[in-house]
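Taking it in order: structure first as structure tokens, then the write-up.
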Amino acid sequence: MLRSTTTQEPISYGYMRSVTTKAKAPAQARQMGAVKVSMLSPGIIYEPYVPREKIPFWKRYFTRNGWKRTKEDLTSELKNAYAIAKLRKSGYSKKQFYTEAVSIYKEINTQMANGGKGTLRKLVTEHMYSALKNEIKQRESVWPTVYWELIEPIVKVRTLRARLIGVDRNDLSKVFIQLTLEFLAKQKFEAYDGKGAVVSGDRNKEVCDRDSV
């Protein structure tokens, strides 16, 4: 997903399901002479987030592989901190961004459940649209109709990873900042066969689910 703001130092922030939206530039950026409040996602996922397996204390500090893992984890955290620092300089509001992210997350999942390919195409990049279209096709071959509902407010949203990507070798001030978010949310789901009979789930029960996007 992508929320973008173009200023004198163009910065956009995104996560795995790349969605292009328009957003107001912060007041400071407008005073600096921003001319446009939209920037397209470069359409790539840089260093995709993969959950790291926990390792015991003794292995982390008393083995060669443990030292290597500790170095990798430290490097990753430093990259996170640098990217977030760039965002804050741009006027980034975590509360506002999370609110927008939840809204887009809800809309994408709603359209996935409804088979709304036309709307999805407006929400995601071409690469992601192709993947989601295939997901819908596979699901409809088993469950022609599904019901999905997000219970709000969402339980928790947190940033798992932040990465900064340069997009212009000749202008180091132009960067793309990608955020990987984790959503912990209660949802309702029910699937039906071609005759409308329930074959999976229960729309009256809430299930807590965890997604990384």
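The values are calculated or read from the model by the stated rules, or taken from the named source; none is laboratory data. From a predicted model like this one, the values you see are computed outputs, not experimental measurements. Reconstructed Cβ throughout: ideal geometry from the backbone, glycine too, with neighbour counts over all protein chains shown.
Please tell me if ILE177 is at pLDDT below 90 and either within 18 Å of ILE84 (Cβ to Cβ) or touching a Phe, Trp or Tyr at 6+ places or on another chain (Cβ under 9 Å) (or both). Spelling it out, ILE177 is indeed at pLDDT below 90 and either within 18 Å of ILE84 (Cβ to Cβ) or touching a Phe, Trp or Tyr at 6+ places or on another chain (Cβ under 9 Å) (or both).
When VAL157 is tested against (1) more than 25 Å from VAL199 (Cα to Cα); (2) surrounded by fewer than 17 Cβ atoms within 10 Å (Cβ to Cβ); (3) at pLDDT 95 or above; (4) not polar (S, T, N, Q), only condition (2) is not met.
When region 56-80 is filtered for residues that are in contact (Cβ under 8 Å) with a residue 40 or more places away in the chain and exposed (fewer than 11 other Cβ atoms within 10 Å of the Cβ), nothing remains. Within region 186-198, the set of residues being in a strand (DSSP E or B) and either surrounded by 14 or more Cβ atoms within 10 Å (Cβ to Cβ) or of a type in the set (Gly, Ala, Ser) (or both) comprises LYS186, GLN187, LYS188, PHE189, GLU190, ALA191, TYR192.
Checked against the criterion of being farther than 30 Å from GLU126 by Cβ, surrounded by fewer than 18 Cβ atoms within 10 Å (Cβ to Cβ) and at pLDDT 50 or above, region 36-53 contains one or more residues that satisfy it.
ILE154 meets the conditions (1) closer than 30 Å to TYR92 by Cβ; (2) β-branched (Val, Ile, Thr); (3) free of Cβ contacts under 8 Å to residues at least 40 places away in the same chain in every case but one. The failed one is (3).
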